[in-house]
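Engineer: Mind looking over this structure? Questions follow.
Just so it is clear, none of the values below were taken in a lab; they were calculated from the coordinates. Since the model is a prediction, treat every value here as computed from it, not as a measurement. Note: ideal-geometry Cβ built from the backbone for every residue, glycine included; neighbour counts use all protein chains shown.
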Amino acid sequence: MEQGDEPGSLRPCLTWADLNRNYRETSRRIRDKKRVQRFAEQAQSLLDAALAALERGESCAEMTVLIGDDGGIQMCADSDWPLDSLMLDRGARTAYRVLPRRGSVRVEGREGLRRCVLEGSTTLRAAAGILRLSIWRHG
């Protein structure tokens, strides 16, 4: 019998190797979650800023925002390159394209295998849509 195998003795249920493996997996999941959260928050911030500009009556041009591994930011106006191609060409880790369209905005994001699309409308456009729906139902 090995030590800890005697009746009534306690055996450790986890070894140091198990704890280390669990720690590494948990740490990786936490880092991934933070990256995804940052990616989504940046997309939301771009959407909010573009919608706020439209609400104030400012013009909002199509804009591509590239973020490098070092955190450096490049901005390109009216680029017709696909985001993936532009990221490769400029060495960017993350890319967002802000697409304003008559009272609404679409933000497309890319980061590695992650993709996101956020869309929003100004309150004026949303109100006009509700008004049209109300007239259609009662008219």
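Engineer: Taking 7 Å along the Cα-to-C-beta vector as the label spot, tell me the R38-T123 distance in nanometres, rounded to one decimal.
Structural biologist: It works out to 3.3 nm between the two label points.
Engineer: Would you mind ranking V36, V65 so that the residue whose beta carbon has the fewest other beta carbons within 10 Å leads the list?
Structural biologist: V36, V65
Engineer: How long, wide and thick is segment 16-138, going by the Cα atoms along their three principal axes, in whole angstroms, largest first?
Structural biologist: 70, 37, 22 Å, listed from the longest principal axis down.
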